[in-house]
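**Student:** Attaching a single structure in structure tokens format; questions to follow.
The values are calculated or read from the model by the stated rules, or taken from the named source; none is laboratory data. It should be emphasised that the depicted structure is a prediction, and the values quoted were computed from it without experimental measurement. Positions of Cβ are backbone-derived with ideal geometry, glycine not excepted, and every protein chain shown enters the neighbour counts. Side chains included, ligands, DNA and RNA excluded: accessible areas come from the protein's heavy atoms. Shrake-Rupley method; radii C 1.70, N 1.55, O 1.52, S 1.80 Å.
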Amino acid sequence: MSFIWPISLFSLFAVPLLVLLYLRMQNRRKQFAVRYGSLGLVQQAANGRALGSRRHLPAILFLLGLTILFFALARPQMPVSLPQVEGIVILAFDVSGSMSATDFEPTRMEAAKEVGREFVKRQPSTVKVGIVSFSDNGFSMQLPTNDQEAILSSIDRLRPERGTSLANGIIISLNTIANATGQQPILGMDVPLPDASSPAPTPAPVSDADDSAVIVLITDGENNMNPDPLEAAQFAADRGVRIHTIGVGSSAGVQLEVNGFSVFTQLDEATLQQIAEITDGNYYNAQTEEDLQTIYENIDPQLVVVEEKTEVTAIFAGASILILLVAGMISLMWFSHVP
């Protein structure tokens with residue numbers, strides 16, 4: 001147990017003084033009874049003796065109530081185990097040049113940001129949200145926090161940049177989680193993209209996933225840089241982190257002007273579905289309102305029991321008042337006065 005105002009505990013020194021005062025009053029009462037017996041005080045003393053030790057009960061209760069009240073003045077705190085919803089969600093945004101395509105109105109980038117804003121607004125205050133952006137590199141824009149204003153501000157700063165490396169987005173997201181949870185970060189990854197002519201490797205089974213930490217990958221899925229995103233997804237699976245992927249873009253594709261060149265870009269749903277499958281996550285299409293509603297409802301943080309210090313002043317104050325009331329009622333019933 002700890003105290004917010006420990007200096008108030010000095011008020012407990014008043015307790016032995018009150019005990020001495022009570023004993024002195026009892027002694028003086030006996031002297032008065034002997035001295036003024038002719039006035040009837042002897043009879044009152046006899047009545048007091050008839051009650052026996054019970055005559056001290058109201059005073060003892062009154063003293064106990066005051067002791068607890070003095071203790072409450074220090075504002076005690078106790079560790080209390082409270083159930084609460086907790087979790088870490090990393091929103092990893094693709095900010096590659098292809099995200100400026102207009103097959104989503106007004107652009108894929110703006111559509112992705114709107115998806116992210118809506119997701120953040122629906123999270124309880126106990127869920128920490130972090131923001132990661134990735135193109136040819138990955139950057140942690142916002143460490144996991146409960147401050148929704150800071151999170152939304154980070155999303156607003158996102159702008160389309162260069163190439164796309166889904167693996168870098170996943171690795172930076174995992175390192176952001178590691179930084180928040182005290183795990184070892186992933187220092188590097190040098191895995192080449194798979195040869196299109198070779199069969200896709202069979203992913204290892206995902207380890208027991210921890211629902212309190214997930215990655216939400218918001219991207220068009222087009223990957224044109226090493227490392228291999230499926231190998232990065234396996235890193236996440238090995239750490240028990242699910243990756244839910246949200247596809248932003250159309251499967252039909254669209255022509256995009258980049259530095260005077262015309263480039264065709266389209267949503268790569270197959271890669272995003274594989275990433276989600278490897279990590280035991282889910283794939284959603286941002287174009288479908290029902291899918292977005294599903295991801296908002298299905299990415300559930302974990303219910304955990306957290307031990308935290310809680311002020312219990314009200315409990316002690318309430319107990320002291322109750323004891324003082326009982327002492328007063330007993331004293332009125334037996335002696336027609338309060339202690």
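**Student:** In region 130-172, how many are of a type in the set (Val, Ile, Thr) and farther than 28 Å from residue 224 by Cβ?
**Tutor:** 2
**Student:** Pick from 105, 114: which is among the charged types (D, E, K, R), surrounded by fewer than 20 Cβ atoms within 10 Å (Cβ to Cβ) and assigned to a helix (DSSP H, G or I)?
**Tutor:** 114
**Student:** Name, by its number, the condition in (1) under 24 Å from the mean Cα position of the chain (by Cα); (2) in a helix (DSSP H, G or I) that does not hold for residue 128.
**Tutor:** (2)
**Student:** To continue, here is another question. Would you confirm, using the coordinates I've provided, whether residue 93 is of a type outside the set (D, E, K, R) and either modelled with pLDDT of 90 or more or part of a strand (DSSP E or B) (or both)?
**Tutor:** Spelling it out, residue 93 is indeed of a type outside the set (D, E, K, R) and either modelled with pLDDT of 90 or more or part of a strand (DSSP E or B) (or both).
**Student:** Kindly list the number of the only condition in (1) within 30 Å of residue 262 (Cβ to Cβ); (2) in a helix (DSSP H, G or I); (3) not small (Gly, Ala, Ser) that fails for residue 176.
**Tutor:** (1)
**Student:** Turning to a different aspect of this structure: Quick check on residue 331: is it modelled with pLDDT under 80, surrounded by 15 or more Cβ atoms within 10 Å (Cβ to Cβ) and outside any loop (DSSP other than H, G, I, E, B)?
**Tutor:** Details: modelled with pLDDT under 80: yes; surrounded by 15 or more Cβ atoms within 10 Å (Cβ to Cβ): yes; outside any loop (DSSP other than H, G, I, E, B): yes.
Yes.
**Student:** From the list 196, 232, 180, which residue is surrounded by fewer than 18 Cβ atoms within 10 Å (Cβ to Cβ) and modelled with pLDDT of 80 or more?
**Tutor:** 180
**Student:** Shifting gears a bit: Scan region 263-283 and report the pairs whose first residue is more than 10 Å from residue 245 (Cα to Cα) and whose second residue is part of a helix (DSSP H, G or I), with Cβ atoms within less than 7 Å and a gap of 6+ or a chain change.
**Tutor:** 265/98; 278/230; 278/233; 278/234; 278/237; 279/233; 279/236; 279/237
**Student:** Another question about this same structure. All but one of (1) under 18 Å from residue 219 (Cβ atoms); (2) touching a residue at least 24 places away in the same chain (Cβ under 8 Å); (3) open to solvent by less than 10 Å² (accessible area, probe 1.4 Å) hold for residue 154; state the number of the condition that does not hold.
**Tutor:** Among (1) under 18 Å from residue 219 (Cβ atoms); (2) touching a residue at least 24 places away in the same chain (Cβ under 8 Å); (3) open to solvent by less than 10 Å² (accessible area, probe 1.4 Å), residue 154 violates only (2).
**Student:** Consider residue 133 against the criteria (1) open to solvent by 60 Å² or more (accessible area, probe 1.4 Å); (2) in a strand (DSSP E or B); (3) of a type in the set (S, T, N, Q): it satisfies all of them except one. Which criterion is unmet?
**Tutor:** Unmet for residue 133, out of (1) open to solvent by 60 Å² or more (accessible area, probe 1.4 Å); (2) in a strand (DSSP E or B); (3) of a type in the set (S, T, N, Q): (1).
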